[in-house]
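A.B. asks: Would you mind keeping the following structure in view while I ask a few things?
What follows is calculated from the coordinates using simple rules that are stated; it is not laboratory data. In this text the structure is predicted, and so the values were computed from the model without any measurement. Note that each Cβ is placed from the backbone with ideal geometry, even for glycine, and that neighbours are counted across all protein chains shown.
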Amino acid sequence: MAGALDGPQPFDHIELERCQEYLDQDLARPDAGWLIARFYDPAGNYAGRTFLDMAPNPPHAVSVADLLAVTLLQVRVSDHAVRQLLEPTRDQTTVLAALRRVPVSANLGDADEQVLSAAWQLRRSVMHVIGEHAWVTASKLCARKRPALVPIVDRVVRRRLPISAGR
């Protein structure tokens, strides 16, 4: 019987290579730097900088600021999920344990399979709390906690990159 945190495997090496090719193409666009700078410009009306910098962002806990930062990226966190993430519950304990297993300094470009697996389990534990249909919200919360390791995956990214559902 599958457990609540079971699901698709975290990564497929062929998919990773294909995604890298697509990302290289996108980053080679002449306007790529301008688009990225615009998203992270604190004087602009995009959420990038606020999402990353809103304090507090404790490395081994989920805070109210984390949940507010996530909502700036156009997702909703249910009332139940807020309580489960912020109050001492079994779900909070599971998420925080998974968060502690993901190194704060981890970087996607240098991550080995152990780090990627830990990040995958963090995502699965957050999805268990937020809801399986809130995979975008889970992705954004994990990216807030480990921005150099966990990319945000939403419908736009899934349309662009050749990734299977659930990866």
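A.B. asks: Let me test this: with uniform point scatterers at the alpha carbons of the stretch 68-125, what is the Debye-based log₁₀ I(q)/I(0) at q = 0.27 1/Å?
C.D. replies: -1.06
A.B. asks: Counting only Cα, what are the radius of gyration and maximum Cα-Cα distance Dmax of the stretch 113-154, in Å?
C.D. replies: Looking at the stretch 113-154, its Cα Rg and Dmax stand at 9.4, 26 Å.
A.B. asks: Right, here's the next one. Taking the convex hull of the Cα atoms, report for the stretch 43-142 its projected area averaged over all directions, in nm². Spell out each step's value before the answer.
C.D. replies: Numbers: hull surface 26.7 nm².
For the stretch 43-142, averaging the hull's shadow over all directions gives 6.7 nm².
A.B. asks: Put one equal scatterer on each alpha carbon of the chain, apply the Debye formula with no solvent term, and list log10 I(q)/I(0) at q = 0.08 1/Å to two decimals.
C.D. replies: Taking Cα atoms of the chain as identical point scatterers yields -0.24.
A.B. asks: Calculate, for E132 and V64, the FRET efficiency according to 1/(1 + (r/R0)^6) with r their C-beta to C-beta distance and R0 22 Å; round to the nearest 0.05.
C.D. replies: With R0 = 22 Å, the Cβ-Cβ based efficiency is 0.35.
A.B. asks: Treating only the Cα positions of the stretch 17-84 as identical point scatterers, give the base-10 log of I(q)/I(0) from the Debye formula at each q in 0.14, 0.16, 0.22, 0.24 Å⁻¹.
C.D. replies: -0.62, -0.74, -0.95, -0.99
A.B. asks: Counting other Cβ atoms within 10 Å, which trypsin sites (Lys or Arg not before Pro) in the stretch 53-114 have at most 13 and lie in a DSSP loop? Intermediate results must be reported in sequence, preceding the final value.
C.D. replies: Values: sites: R76, R83, R90, R100, R101; in loops: R76.
Here the sparse-neighbourhood loop sites are R76.
A.B. asks: Can you give the three extents of the C-alpha atoms in the stretch 94-167 along their principal axes, from longest to shortest, in whole Å?
C.D. replies: Principal axes ranked by extent give 30, 28, 18 Å for the Cα atoms.
A.B. asks: Separate question: Just from its helices, what would the mean residue ellipticity at 222 nm be for the chain, if runs of 4 or more DSSP H residues each count -39500 (n - 2.57) and the sum is divided by every residue, rounded to the nearest 500 deg cm²/dmol? List each step's numbers first, then the result.
C.D. replies: On the way: 9 runs with 93 residues, N = 167.
Helix contribution divided over all residues of the chain: -16500 deg cm²/dmol.
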